[in-house]
Amino acid sequence: MADPLERASSVAPDSVAVVCKDERVTYAETSRRCRRLAGHLARLGLKSGDRVVVVGANCHRYVEAYQTIPGMGLVIVPLNTRSSEAELAFASEDSGARALITDMPPRPFEKHFEHVIRMPEAYEEALESAPYGELGAGAGIGENDLAGIFYTSGTTGKAKGVMLTHRNLVANAWTALVWAKLGEDDRWLLMAPMFHAAGTCAVLASTWVAAAQVVLPTFDPDHALELIESEQVTATLAVPTMLIAMIEAQLRQPRQVSSLRLLSHGAAPIGTEVLRRAHKLFPDSELLHLYGTTETAPIATALPREQDLLSQSRARSCGQPAVGVSVKVVGEDGRTLQPGEVGEVAIRGANVMVGYWQRPEESAAALRDGWYHTGDLGFIDDHSYLFLVDRLKDMIVTGGENVYSVEVEEALYLHDMVLEACVFGVPHPRWGEAVHAVVVSRGEVTAEELTEHCRARLASFKVPKQIVVQRESLPRSASGKILKRELREPYWEGHATRIGGD
């Protein structure tokens, strides 16, 4: 993971590496700062394989830590800034991390660490006095060495630590260079949080070609649009909730966004109608759908030039396998299914994790015969376009019929007044489960109107039995995924475990 920075600082030392607030740091400066950070961590007694937790907002220091910690042979553990005290304490203790780099005020979970480096003051003081440390080949790192432990937000029980090696993350960087077509003249807007795979997805790729990274510390749609305009941003990656917010902000106050040639999105499903609005407001941008998971470092498939497919069925696809990645769909018996057959999506490639930290049984269940089994339901067409229909745990079984929530949500998004939609199953005395929808509206609309809208587009058993219309946003994880379990759980209190589990 140190190779991209080594190249960039050699071929473009005076080029801007990172823009964050009022600070602009060149590649030569970034290289020096990273080596001094390595020197300071070594001075603290940290040795190869030791874990270092990072908790903080996006900034150029986070970009430095993301490259330095693995680059010197340590293991980075990025944690969600919105996590509870208990969640932070669990991941800190579970990972066995010795050091913490953070911009947060002191909190009780810090007792798990031998060393705490607080940004920006203590961090900068450490860099001023630290000697230069070794990165990359000089640190004796191999491609199969562990680079990071990335904790997923668990749906049941405790979160799992996804173990990604240097090989995994560098493989993703090569893939990103292909799908993003990055070059030295690009300016990448880094706006997803860096503790999430969407935030760091293009860090190594941008660095490798000496492109500039414009960092948005905390996402705000107006600030993002202002940066696109003022910094002449050329490419970015948004999770759906960000893209929806940017669309609404651009509608309220149009900004000059013609520099943006690539507007990619991923991490959660998105309605085709949302993409039509995005194309109308960002007409010079190529829309690119990316699918992947933390376990795949993260990219598995890509759908380029999505705007040209909006009138076709493939607009609902998440694309074909990315370069260097294999994707298939398997049945419950493990056999590979034929085009059009729905089953579990499985992924193989140099980007796939080596397992879950200290979870051998769960690692073995997820990694079978060289394939990572995602828990996503989908099918592949005769040209290897992947279509996701649901999560295994979210599929609704009503009266013996399978209903895929994504299909119902897609129908709801076709209504002009629907801003957000979430569909899930609730208990029903006759049918086992009933289709239920929660909708965030952008204007006046009734549940009855939305029901009739769905009835004209879906089979009767797929039409929601109840639709709740509200104006407040749906609960989401830091990665932008709607937290269906929070919406669903109250309906299942006192009932047996829902069909399909949770």
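The values are calculated or read from the model by the stated rules, or taken from the named source; none is laboratory data. If you're wondering where the values come from, they're calculated on a predicted model, not measured in any experiment. All Cβ positions, even for glycine, are placed from backbone atoms using ideal geometry, and neighbour counts span all protein chains on display.
The set of residues from region 266-290 being more than 24 Å from Glu229 (Cβ to Cβ) and part of a helix (DSSP H, G or I) comprises Thr272, Glu273. All conditions but one from (1) surrounded by 18 or more Cβ atoms within 10 Å (Cβ to Cβ); (2) over 23 Å from the mean Cα position of the chain (by Cα) apply to Gln338; the one that does not is (1). Residues that are over 23 Å from the mean Cα position of the chain (by Cα), more than 20 Å from Ala159 (Cα to Cα) and not acidic (Asp, Glu): does region 78-97 have at least one? Among the residues of region 78-97, not one is over 23 Å from the mean Cα position of the chain (by Cα), more than 20 Å from Ala159 (Cα to Cα) and not acidic (Asp, Glu), which makes the answer no.
This table checks each residue for (1) modelled with pLDDT of 95 or more; (2) in the same structural domain as Val53 (by TED's automatic domain parsing); (3) of a type in the set (S, T, N, Q); (4) on the phi < 0 side of the Ramachandran plot.
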site: Gly148; (1), (2), (3), (4): yes, yes, no, yes
site: Thr155; (1), (2), (3), (4): no, yes, yes, yes
site: Gly161; (1), (2), (3), (4): yes, yes, no, yes
site: Thr165; (1), (2), (3), (4): yes, yes, yes, yes
site: Leu177; (1), (2), (3), (4): yes, yes, no, yes
site: Met246; (1), (2), (3), (4): yes, yes, no, yes
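Consider Tyr413 carefully, then state whether it is buried (at least 16 other Cβ atoms within 10 Å of the Cβ), in contact (Cβ under 8 Å) with a residue 12 or more places away in the chain and under 30 Å from Val323 (Cβ atoms). It is false that Tyr413 is buried (at least 16 other Cβ atoms within 10 Å of the Cβ), in contact (Cβ under 8 Å) with a residue 12 or more places away in the chain and under 30 Å from Val323 (Cβ atoms). Filtered by the rule that a residue be among the hydroxyl-bearing types (Ser, Thr, Tyr) and surrounded by fewer than 11 Cβ atoms within 10 Å (Cβ to Cβ), region 129-146 gives a lone residue, Ser129.
What number of residues in region 28-50 are aliphatic (A, V, I, L, M), free of Cβ contacts under 8 Å to residues at least 40 places away in the same chain and farther than 17 Å from Leu5 by Cβ? Even if it seems obvious, please write down each step before you answer.
First, pick out the residues of region 28-50 that are aliphatic (A, V, I, L, M): 28, 37-38, 41-42, 44, 46.
Still in the running and free of Cβ contacts under 8 Å to residues at least 40 places away in the same chain: 28.
In the following step, the residues that additionally are farther than 17 Å from Leu5 by Cβ were identified as none.
Residues that pass the stated criteria total 0.
Restricting region 104-128 to residues that are in contact with a strand residue (DSSP E or B) (Cβ under 7 Å, 6 or more places away or on another chain) and not aliphatic (A, V, I, L, M), the residue that is surrounded by the fewest Cβ atoms within 10 Å (Cβ to Cβ) is Glu114.
Of all residues in region 80-113, count the ones that are touching a residue at least 24 places away in the same chain (Cβ under 8 Å) and not polar (S, T, N, Q). Residues meeting the conditions: 17.
Do we have any residue at all in region 76-84 that's assigned by TED's automatic domain parsing to the domain that holds Thr293, surrounded by fewer than 17 Cβ atoms within 10 Å (Cβ to Cβ), over 30 Å from Asp394 (Cβ atoms) and of a type in the set (Lys, Arg)?
Initial filter on region 76-84 (assigned by TED's automatic domain parsing to the domain that holds Thr293): 76-84.
Subset that is surrounded by fewer than 17 Cβ atoms within 10 Å (Cβ to Cβ): 82, 84.
Filter again for over 30 Å from Asp394 (Cβ atoms), leaving none.
No, the conditions are met nowhere in region 76-84.
Taking the condition out of contact with any helix residue (DSSP H, G or I) (no Cβ under 9 Å at 6 or more places or on another chain) and either of a type in the set (Ser, Thr, Tyr) or not assigned by TED's automatic domain parsing to the domain that holds Leu146 (or both), does Ser313 pass?
Working: out of contact with any helix residue (DSSP H, G or I) (no Cβ under 9 Å at 6 or more places or on another chain): yes; either of a type in the set (Ser, Thr, Tyr) or not assigned by TED's automatic domain parsing to the domain that holds Leu146 (or both): yes.
Here the answer is yes, as Ser313 does meet what is asked.
Remark: Glu361 matches the filter, which requires a residue to be of a type outside the set (Val, Ile, Thr), without any contact (Cβ under 8 Å) to a residue 24 or more places away in the chain, surrounded by fewer than 22 Cβ atoms within 10 Å (Cβ to Cβ) and farther than 30 Å from Leu204 by Cβ. Candidates Ala267, Ala278: the one that is surrounded by 21 or more Cβ atoms within 10 Å (Cβ to Cβ) and within 24 Å of Leu377 (Cβ to Cβ) is Ala267. Taking only region 422-448 into account, find how many residues are acidic (Asp, Glu) and touching a strand residue (DSSP E or B) at 6+ places or on another chain (Cβ under 9 Å). Total satisfying the criteria: 2. Here Gln232 clears all of (1) crowded, with 20+ Cβ neighbours inside 10 Å; (2) farther than 20 Å from Ile69 by Cα; (3) not aliphatic (A, V, I, L, M) except the condition numbered (1).
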